[in-house]
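In what follows, a single structure is set out as structure tokens and then discussed.
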Amino acid sequence: MSHTPDHHSTDRPPAVSEAPPLAQGVDDEVIEANRRLFTGWQWWLFAALAVIYSGFHLFSLNVYPLETWSFRIVHICGALILGYGFYTGARFLESHDGAQPRRWMTWLGYALLLPAFYALFQVGMFWQAFQNGAMRIDPATEAWHFGLPLIAASAAGIVLSWCYRQTRERMNIADLVLMVCALASAGYFLVVYNSPLRMSTGTSFAPMGISYAAIAGSLLILELTRRVAGLALVVISLVFLAYVFAGPYLPGFLGYPGLSVGRFFSQVYTDAGILGPTTAVSSTYIILFIIFAAFLQASKVGDYFVNFAFAAAGRARGGPAKVAIFASGLMGMINGTSAGNVVSTGSLTIPLMKKVGYPSRSAGAIEAAASTGGQIMPPIMGAGAFIMAEITGIPYTEIAIAALIPAILYFASVYFMVDFEAAYKGMRGMRSDEIPRFSRLVKQVYLFAPIIILVAALFMGYSVIRAGTLATASAAVVSWISPHKMGLRSILKALELAGTMSIQIIAVCACAGIIVGVISLTGVGARFSSLLLGLAGFSQLLALFFAMCISILLGMGMPTTAAYAVAASVVAPGLIGIGIEPLVAHFFVFYFAVVSAITPPVALASYAAAGISGANAMQTSVTSFKIGLAAFIVPFMFFYSPAMLMEGSALQIARVGITATIGIVMLAAAVQAWYFGPVKAWVRLVLLVGAVCMIYGGIYTDVLGLAIGVLLYLMQRRQPAGRHEKSAA
């Protein structure tokens, strides 16, 4: 799927006055360090598997729906097979030094294929037995001929994959073992869950084969999550799994009666856990919007978004920083990963921010804060809105509307933080010959059509799946009148890209499902709710602060989707229990799950930005925390003023939205020491008091905050004219 060399030739200016587009390659796929780059027949094989995987979802969601559990099992199994094909568990061998994998490891890998294939063969025998009228399977056969070989091959294959090193262009025998184990585990579930035995899960009558397959499946999910998302989520999952069996021995509110290994694992791979809400969303909405994002990438819409932002905002003071806010917000909304968005757009915006005068840590922090904000921007919200709709039962359109004012406040905060810093330091914007011509880019404004069609379809009452499919099709149609036309080859490339892009989020959602399963099956969520109720007896604000800390802690080092799914299971029920509306409670934990990406000490988005800017990672995360400060205040506003989430009369909503925006501007002024000119320390403190009054949302506090803002403005206007230049110098 190579690009023709003249694709960008039309972008080059015929004369000096015509500035070329700055963004080229924003849509290119980010290749992780442990990602294989196949060649030859292996490339064709895995490209075909990725296309089939994406095509299967489009077909099942729109044409021929499968039974729900079966669809989710195939969804996870396909991601495991693709994941173990594309991502290695160990460092690569360098192909140029002639090194080869150790022979004994290769032979051990081939030996492990025997029990893996034997377990898969037994699945075929079980299916045949059920077809012939059998009601259940002999327990000894399940144990010795299926369960133990499968678990042994899975565990040994995982350990071998940590040591087995192969070149980047070739498949790994250890990972082939894990693929076969994934097939055997999923095959057993498909056989048993499509029989009357499905009703026995969680009881003493459940076949032990379900537990064996669930143990192997859980091991495979945890290992793939480690490869694509790091250790943070895996460690949290293992802590929760340890709690299942250690809980009966723990004191106080953490103790519970206990579950046996068989009973727990016979339920964890059902809709109470791994096949529950997180996988329900990843197998429908998330995979569909990943396909949509892949089609947008194939038609180079990402490049256009960034160039459009440069043309619109590049000449303003601190121009590249404001471009980062708009472009990263748009891209982050679609691609759903803060750190991934930092890498794609930050590689362009961060160097340009440094060029106009931002320090390295500020440049990285601005990009991290803007990319993180994309997760809270409607209509897509990085897939978080879909999980919230699934968990709460609140219609998606209501959630998207409720998110509007908080998203405006967040981006207004980041914008004014950036603008005031640029004003304080006397930064310039970019020259007109450094940015693309707006008059030229406006001719391609039709590239926004897929997103407009998506929003319009959703609010016209179409289902999310139908609206997403229409938007995906429109992305291909719109490309036919753009410089990057999508033919059959480009469509197949987009489907292949979607298949590979979906691996991380599916693994993360399945892993989060393990945690959700532990919470629901052990009842720890209910005990946590009672703890919050006790705290609320002293102070509801204290209960909210405690919930904030837990949500951020759970989200540290985790992708947004998993962070919210876990926090929604642990924290949200407790908040609802102390009398908070479900929508407010879920938005509260969602916001803090999102901003964990810029919260020290573990801030994934900030760390990714620091890698590009060259700044210290911890300094960058502290600065991004400061720039995104509004996101730590806005959730408390939901509680004290539900009109922030569009709950109330039009007048209430308008008043709260306007006064909160003014409060956010004053907050940015207090942080950046600039309010229509540089300000002293005591003025910053008064500005902070005024900002809190405006943000709180009461009538009297609004009047007080507004009076403070106007008074300080009049004071600033009376300052001598030369003061700004002296301070900026």
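Just a few scattered comments:
- Which listed pairs, of K355/K443; K322/K680; K443/K626; K355/K626, have C-alpha distances above 31 Å, in listed order: K443/K626
- From helices alone, the chain scores -22000 deg cm²/dmol at 222 nm; the rule is -39500 (n - 2.57) for each run of n ≥ 4 DSSP H residues, then divide by the residue total.
- Pair A129, R684: separation of 7 Å Cα→Cβ label points (nm): 7.3 nm
- When you restrict to C-alpha pairs under 8 Å that are six or more residues apart and normalise by the size of the stretch 62-157, the relative contact order lands at 31 percent.
- Sequence ranges 265-277, 420-432, ranked by mean other-Cβ count within 10 angstrom, highest first: 265-277, 420-432
- Contact order relative to length of the chain, as percent, for alpha carbon pairs under 8 angstrom and 6 or more apart: 16 percent
- Taking label positions 7 Å along the Cα-Cβ direction at both L231 and R527, the computed distance is 2.7 nm, reported to one decimal.
- Separation of alpha-carbon centers, the stretch 429-466 and the stretch 119-136, rounded to whole Å: 53 Å
- With Cα atoms, 0 to 90° folded angle of helix 524-538 axis to the chain main axis: 30 degrees
- The alpha-carbon of K493 sits under 19 angstrom from the alpha-carbons of these lysines, leaving out residues fewer than 8 places away in its chain: K300, K485.
- Nonlocal amide H pairs with R428, under 5 Å, H built at 1.01 Å: G318
- A707 versus A456: modelled label distance in nm, points set 7 Å from Cα along the beta carbon direction: 5.0 nm
- Working note: Karplus 6.51/-1.76/1.60 with θ = phi - 60° gives the stretch 627-642 the couplings 5, x, 4, 4, 5, 8, 9, 3, x, 5, 5, 4, 5, 7, 8, x Hz, where Gly and Pro are set to x.
- The stretch 290-446: radius of gyration over Cα atoms, expressed as a fraction of 2.2 N^0.38 Å: 1.06
- Over the stretch 40-230, accessible surface divided per residue gives 45 Å², non-protein components excluded, 1.4 Å probe.
- If R0 is 22 Å, the Cβ-Cβ spacing of V63 and I491 corresponds to a FRET efficiency of close to 0.85.
- Judged by the mean number of other Cβ atoms found within 10 Å, the most tightly packed of the peptides 690-696, 374-380, 548-554, 658-664 leads the ranking 374-380, 690-696, 658-664, 548-554.
- Per-residue HN-Hα couplings for the stretch 590-595 [Karplus 6.51, -1.76, 1.60; θ = phi - 60°; Hz; x = Gly/Pro]: 5, 4, 6, 5, 5, 6
- Size of the stretch 650-718: Rg and Dmax of its alpha carbons, in Å, are 11.7, 38.
- Sequence-separation-based contact order of the stretch 40-230, relative, with Cα cut under 8 Å and 6+ spacing, percent: 31 percent
- With Cα atoms defining each centre, the stretch 261-287 and the stretch 471-546 are spaced 14 Å apart in the structure.
- Degrees separating the helix 449-459 axis from the principal Cα axis of the chain, which is the longest one: 80 degrees
- Spatial separation of Cα centroids for the stretch 26-91 and the stretch 609-664, in angstrom: 37 Å
- For the stretch 92-244, the convex hull drawn through the C-alpha positions has a volume of 123 cubic angstrom per residue.
- Label-reachable residues, the stretch 51-76, where backbone N falls under 15 Å from a point 7 Å from S463's Cα toward its Cβ: 57-69, 71-72
- Under the Karplus curve 6.51 cos²θ - 1.76 cosθ + 1.60, θ = phi - 60°, whole-Hz ³J(HN,Hα) for the stretch 430-439, x wherever Gly or Pro sits: 8, 6, 4, 7, 9, 10, x, 6, 4, 4
- Degrees separating the helix 360-373 axis from the principal Cα axis of the chain, which is the longest one: 60 degrees
- Rounded to the nearest 10 Å², the accessible area of D433 at probe 1.4 Å: 80 Å²
- Annotation: amide H-H contacts under 5 Å for L93 (H modelled 1.01 Å from N, sequence separation of 5 or more, or interchain): Q166, T167, R168.
- Theoretical gain in end-to-end length, R718 to M199 [0.36 nm per residue, Cα-Cα removed]: 179.1 nm
- Sorting the segments 45-54, 441-450 by their residues' average number of neighbouring beta-carbon atoms within 10 angstrom, most packed first, yields 45-54, 441-450.
- Taking 0.36 nm per residue of sequence separation and removing the Cα-Cα distance, the S649/M618 pair yields an extension gain of 6.8 nm.
- 5 angstrom amide H check on Y87, placed H, neighbours 5+ away: R36
The values are calculated or read from the model by the stated rules, or taken from the named source; none is laboratory data. All values derive from a computational prediction rather than experimental measurement. No Cβ is skipped: glycine too gets one built from the backbone with ideal geometry, and neighbour counts run over all protein chains shown. The area values use the complete protein model at the heavy-atom level, side chains included, leaving out ligands, DNA and RNA. Shrake-Rupley method; radii C 1.70, N 1.55, O 1.52, S 1.80 Å.
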